[in-house]
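Report on one structure; see the data block that follows.
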Amino acid sequence: MPYADADGVKLYYEEAGSGTSIVFVHEFATDHRGWEPQMRYFARRYRCVAFNARGYPPSDVPEDPEAYSQQIATDDIAHVMRHLGLEKAHIVGLSMGGNATLQFGLDHAEMALSLVVAGGGYGSIAENTEQFRADARGMAERYETEGARAVAAVYAQSASRVQFRDKDPRGWAQFREILENHDARGAALTMRGVQARRPSFWEFEDRLRRLTVPLLVVSGDEDDWCLDASLYLKRTAPSAALWVLPKTGHTINLEEADAFNRGLQDFFDTVEAGRWISRDLDVLGKSAFFSGEE
């Protein structure tokens, strides 16, 4: 099996295709297999890489709780890229992977051709941060006491996943199977170390205002816990655009795979043509009619 070394932790990866590189960073509920529709589509024109985060076998599952954090998850993307000799890549992340992707663009901007942050920012809004962190710690406890299959029975049918279930029962069943087979110890450590402790998007405000890497923010319109955070990114980062998919929940890339692939392809084409234009943030809050007067 192919592995990248991340300071002594082995990270399993798969790759396909050739050309400009895309690195896919998975969400908590899946692993590299959650990007299969994107790997198959984009490998026709790109070199595509998907890897398992630490805590997700066949990647290593370190026992030290301090081996898990948002910063470590961010740096692991760079470890995989360096192992594969990728100087630059489009970085695409969903949910937990979207948060890491955003921070990667801030910490390792020189390695990013572009950033796609899909379903990111859950827990970032001040009024629900503590609830999110408490829920993450509670989920960790349930993994430890009940196991992955019992947790999946609840989590796969949560408020932002039922859209996928109702649209595509067969695809949702495959998603649930991956969730059922999570390593319970790795999932608990990830929930406590990465999810429950990750910074809010608002903590990055000053750095986001200076971000120049092209950024596409993607959200489902029924993913209530991510919509406000996605809008915040659009209004704060001058390089950001916001794309909201109608009647869509959290598992965007699987729930609406065709639309997601086409949207990303258009984004990549625009970036590679040098036509992704940053917004003039000085116009925010000014008159829609008269702000152009000198």
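The values are calculated or read from the model by the stated rules, or taken from the named source; none is laboratory data. The shown structure was predicted, so the numbers you read here are calculated from the model rather than taken from an experiment. Ideal geometry is used to build each Cβ from the backbone, glycine not excepted, and the neighbour counts take in all protein chains shown.
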Checklist entry - Of (1) closer than 25 Å to residue 178 by Cα; (2) free of Cβ contacts under 8 Å to residues at least 24 places away in the same chain, residue 127 satisfies all except one. Which? => result (1)
Item to check | Residues that are buried (at least 18 other Cβ atoms within 10 Å of the Cβ) and either touching a residue at least 60 places away in the same chain (Cβ under 8 Å) or among the β-branched types (Val, Ile, Thr) (or both), drawn from region 242-255 | outcome: 248, 249, 250, 251, 252, 253, 254, 255
Checklist outcome for this item: Only one of (1) aromatic (Phe, Trp, Tyr); (2) in contact with a Pro (Cβ under 7 Å, 6 or more places away or on another chain); (3) within 18 Å of residue 27 (Cβ to Cβ) does not apply to residue 225, and that is (2)
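Here's the yes/no breakdown for (1) in contact (Cβ under 8 Å) with a residue 60 or more places away in the chain; (2) in contact with a helix residue (DSSP H, G or I) (Cβ under 6 Å, 6 or more places away or on another chain); (3) surrounded by fewer than 18 Cβ atoms within 10 Å (Cβ to Cβ); (4) closer than 16 Å to residue 98 by Cα:
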residue: 208; (1), (2), (3), (4): yes, yes, no, yes
residue: 229; (1), (2), (3), (4): yes, yes, no, yes
residue: 236; (1), (2), (3), (4): no, yes, no, no
residue: 260; (1), (2), (3), (4): yes, yes, no, yes
residue: 264; (1), (2), (3), (4): yes, no, no, yes
residue: 270; (1), (2), (3), (4): no, no, yes, no
residue: 283; (1), (2), (3), (4): no, no, yes, no
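Does region 163-189 hold any residues that are within 14 Å of residue 256 (Cα to Cα), surrounded by fewer than 21 Cβ atoms within 10 Å (Cβ to Cβ) and touching a helix residue (DSSP H, G or I) at 6+ places or on another chain (Cβ under 9 Å), and which are they?
Listed by number, the residues that qualify are 165, 166, 167, 168, 171.
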Checklist entry - Could you list, in sequence order, the residues of region 195-225 that are part of a helix (DSSP H, G or I) and either under 22 Å from residue 116 (Cβ atoms) or at pLDDT below 95 (or both)? => result 195, 201, 202, 203, 204, 205, 207, 208, 224, 225
Checklist entry - Which residues, counting only those in region 40-88, are part of a loop (DSSP other than H, G, I, E, B), farther than 18 Å from residue 12 by Cα and among the basic types (Lys, Arg)? => result 44, 45, 88
Checklist entry - Regarding residue 5, is this residue under 23 Å from residue 217 (Cβ atoms) and of a type in the set (D, E, K, R)? => result no
Checklist entry - What about residue 192, is it crowded, with 18+ Cβ neighbours inside 10 Å, of a type in the set (D, E, K, R), assigned to a helix (DSSP H, G or I) and at pLDDT 95 or above? => result yes
Checklist entry - Can you tell me which of 120, 105, 93 is buried (at least 24 other Cβ atoms within 10 Å of the Cβ) and part of a helix (DSSP H, G or I)? => result 105
